[in-house]
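These notes concern the structure reproduced below.
Just so it is clear, none of the values below were taken in a lab; they were calculated from the coordinates. Since we're looking at a predicted model, the values are computed, not measured. Glycine gets a Cβ as well: all are built from the backbone with ideal geometry, and neighbour counts include every protein chain shown.
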Amino acid sequence: MPQPRLSLPLISADPLHVSVTRGGAEESCHLVDLALCDAGGTVLMGLGDIERQLFPRSAMKPLQAIALAELWEEMSEAGRLAPAEFSLICASHNGQLEHVEAVNGLLKRHNLTSKSLSCGPQWSSDQQTLIRQARDLVAPDPVHNNCSGKHAGMLVLARLMGVEPDGYADITHPVQQRILGVLEAMTGIDLMTWPRGIDGCGAPALSAPLGNWARGMAMFAGGGEMSAGREAACARIRDGIAAAPHLIAGDRRLCSALAQSYGTKITAKTGAEGVYALSFHEFGLGAMLKVRDGNERAAHAAVGALLHALGYDQSDDVHHFTRRQLQNWAGAHVGEINVGGPLAGF
């Protein structure tokens, strides 16, 4: 087990300060709120506003997937999700060929098609994948949506629950109500008392304080008391992501680099608008961080600072994202992205 490089607890009203420098001068800066909790909700690292209302967006996908993973024993032998498919249903993927084929395969095994997906079609946000999509397709299909794995999993969940899949993304649908119950148990809060909206993929976007989401990731890490079935479900998801790092995101993505590098030791998931969730399975701890202005590069830098502070060394693939240098189009080093504030130097 790694040894933290600082003393915990560390509580500070100051958020992380991610500085973007050029020519030795700060050009831009981003502020990051971060909570690291145990499964009882005790804050071991609280930087900035840990009570800040947060929409975790896709960062809560591993917690959402528990509702389906708990029914694994009830699936037929042919219909049971393979380990890699748990990675897929937690993914915010690039829409690469491997992702598309995996989603289509999951749907086909359960007699479903991409026409049932309500997430909508999407061109990839990954430039190289987008170019290939444009060359090969007249228009993207919902299966290319970065959340198509999650939506396919929700359709499978509807089948297992014996309910009609129509309207499965609506908060009042039995599928979403089952997922909601899991999320509330993991975060320890009544989520319906907090503002909610609709995510980019059409599924419910729920909010709660930053610290509660961190507590949920600590529960996922195995740090709390859960039923044997839920504990096994969390382990299936953890192991599935570790077994198929490329499915959780894809080429040129930090989520895949983290899963490849740390395997079952750390489960990490990005969310839109500068959010990152992490479960540290060796410690039984969970973390959630939010960049106040929603910047992704600042979230990557904050993840790197947290990993280093907790004693984790970083592979070159992970370090590429977390301590990135600024380069111009010719490849010359022209600036840096560094973390200041309570984790300065990490």
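Looking at K269, K290, just one residue is of a type outside the set (A, V, I, L, M), touching an Asp or Glu at 6+ places or on another chain (Cβ under 7 Å) and within 25 Å of M219 (Cβ to Cβ), and that residue is K290. Going residue by residue through segment 258-280, is there one that turns out to be within 23 Å of F55 (Cα to Cα), of a type in the set (V, I, T), surrounded by 23 or more Cβ atoms within 10 Å (Cβ to Cβ) and touching a Lys or Arg at 6+ places or on another chain (Cβ under 6 Å)? The answer is yes, given that some residue of segment 258-280 is within 23 Å of F55 (Cα to Cα), of a type in the set (V, I, T), surrounded by 23 or more Cβ atoms within 10 Å (Cβ to Cβ) and touching a Lys or Arg at 6+ places or on another chain (Cβ under 6 Å). The set of residues from segment 321-339 being buried (at least 16 other Cβ atoms within 10 Å of the Cβ) and either farther than 15 Å from C29 by Cα or free of Cβ contacts under 8 Å to residues at least 24 places away in the same chain (or both) comprises F321, T322, R323.
Scan segment 176-189 for residues that are of a type in the set (V, I, T) and either surrounded by 24 or more Cβ atoms within 10 Å (Cβ to Cβ) or farther than 23 Å from M154 by Cα (or both) and the total you get is 2.
For R5, the test of being within 30 Å of G335 (Cα to Cα), out of contact with any Pro (no Cβ under 9 Å at 6 or more places or on another chain) and part of a loop (DSSP other than H, G, I, E, B) is passed.
For segment 1-26, enumerate the residues that are of a type in the set (D, E) and under 25 Å from the mean Cα position of the chain (by Cα). Answer for segment 1-26, where residues must be of a type in the set (D, E) and under 25 Å from the mean Cα position of the chain (by Cα): just D14. Entry remark, segment 286-299: residues being of a type outside the set (D, E) and surrounded by fewer than 24 Cβ atoms within 10 Å (Cβ to Cβ) number 4 in total. V163 meets all of the listed conditions (1) in a helix (DSSP H, G or I); (2) surrounded by 15 or more Cβ atoms within 10 Å (Cβ to Cβ); (3) in contact (Cβ under 8 Å) with a residue 12 or more places away in the chain but one, namely (1).
Restricting attention to segment 109-142 and to residues that are outside any loop (DSSP other than H, G, I, E, B) and of a type in the set (A, V, I, L, M, F, W, C), the residue that is farthest from the chain's Cα centre (by Cα) turns out to be A134. Applying the criterion of at least 3 residues that are of a type in the set (D, E, K, R) and buried (at least 18 other Cβ atoms within 10 Å of the Cβ) to the strands (runs of 3 or more DSSP E) found wholly in segment 8-92 leaves an empty list.
Taken across segment 250-270, residues that are touching a residue at least 24 places away in the same chain (Cβ under 8 Å) and on the phi > 0 side of the Ramachandran plot do occur, with at least one present. Here L44 fulfils each of the conditions (1) closer than 18 Å to G304 by Cα; (2) touching a helix residue (DSSP H, G or I) at 6+ places or on another chain (Cβ under 9 Å); (3) not polar (S, T, N, Q) apart from (2).
Selection of first residues in segment 91-117 that are among the hydroxyl-bearing types (S, T, Y) and of second residues that are assigned to a helix (DSSP H, G or I) and surrounded by fewer than 18 Cβ atoms within 10 Å (Cβ to Cβ), restricted to Cβ pairs under 9 Å at least 6 apart or on distinct chains, gives the following pairs, ordered by first then second residue: T113/N104; S114/N104. Scanning segment 190-227 for residues that are surrounded by fewer than 19 Cβ atoms within 10 Å (Cβ to Cβ), free of Cβ contacts under 8 Å to residues at least 40 places away in the same chain, out of contact with any Leu (no Cβ under 6 Å at 6 or more places or on another chain) and not in a loop (DSSP other than H, G, I, E, B) yields a total of 3.
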